[in-house]
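Report on the structure given below.
Just so you know, all these numbers are worked out from the coordinates, no wet-lab data involved. Everything quoted here is computed from the prediction, not taken from an experiment. As a convention, Cβ positions derive from the backbone with ideal geometry for all residues, glycine included, and neighbour counts pool all protein chains shown.
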Amino acid sequence: MDAEALFRANLAVIDRVIGEVCRRGRLPPAEVEDFASAVRLALIENDYEILRRWQGRATLAGYLNIVIRRLLADRRDRDLGRWYPSVDAVRMGDSGVLLEKLLSRDGRALEEALPLVCARDPSLTREAVAAMAAQLPARAGRPRPVALDETSEQWLTSGERADSLALSGEVRRLSRQASEVVRRTMAAWPDEDVLILRFRFGSSMTIADISRMLRVPQRPLYRRIEALLGKLRKTLIGAGLDAAALAGVIGTASQEMDFGFEDGKNAGLERSDEPEQAAAEEGR
């Protein structure tokens, strides 16, 4: 079975392993689908290079488990920085390092960490592990993205008149029509073109970051993005949406606009930063 056929035949296995890794890694629910997309793209890129490295000496699920765990570790290192144990934890040995990792890095409660540390070192009692935890230094928690509370909108002030925030029926119609045209158009594009626009406008990434992530030359990306936007502009005009009307919609109905840049419905699969470093050696 070639690599592409292997990928398509085992999508259920891939998704199951992704779910297991996310649960064990305590990935926030809001980030799971984003990470799953990145994993699938990592498996596809470079002509399914990661899957072509699998030689069957281990089960595919076992091999993927190692690969996906390393992809998650790379993602965390990239987003949050590499984690290092404290001197006190190192002094306590492997059990102390594991305990601090569970408490400080992963944010687990002590009750969750106790059985895991005791399983690593059966000579330790729960009381001994709790005493170790009390000796660990206090460390700032790792930053995590959180959803804004709906009531937080009340804390934000605006210089606009209240009546300017009310959308007329015509503006709503135009915004929905524009969104539908753009999403339908992008659905027929190659994944890489959609990714470029999603990274640029959905994730607010710089051209340099997009170039590095997709491994494409940076300079041509400027014209490529302009060309893609030009295609969308022509499509919108062809659908009867003139520039003046759209300017008003974008200026007053941004919440009504949904081009699929952020929810990933038209965005295909995200790329991992450096997936080749995440591929595990066979049998490890």
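Brief remarks on what is shown
- Among 99-112, 210-223, the order from most to least packed when residues are scored by Cβ within 10 Å on average: 99-112, 210-223
- Cα gyration tensor, segment 1-47 - rounded (a/c under 1.5), prolate or oblate: prolate
- Three-way shape call for segment 55-105 based on the alpha-carbon gyration tensor, with the a/c threshold at 1.5: oblate
- Put a dot 7 Å past the Cα of residue 125, heading toward its Cβ, do the same for residue 94, and the two dots end up 2.4 nm apart.
- Virtual spin-label span in nm between residue 235 and residue 138, 7 Å along Cα→Cβ: 5.4 nm
- A simple rule links phi to the HN-Hα coupling: the Karplus curve 6.51 cos²θ - 1.76 cosθ + 1.60 with θ = phi - 60°, which for segment 20-36 gives 5, 5, 5, 5, 5, x, 6, 6, x, x, 5, 9, 5, 5, 4, 5, 4 Hz, with x for Gly and Pro.
- The label-point distance for residue 227 and residue 15, in a model that sets each label 7 Å from Cα toward Cβ, rounds to 3.5 nm.
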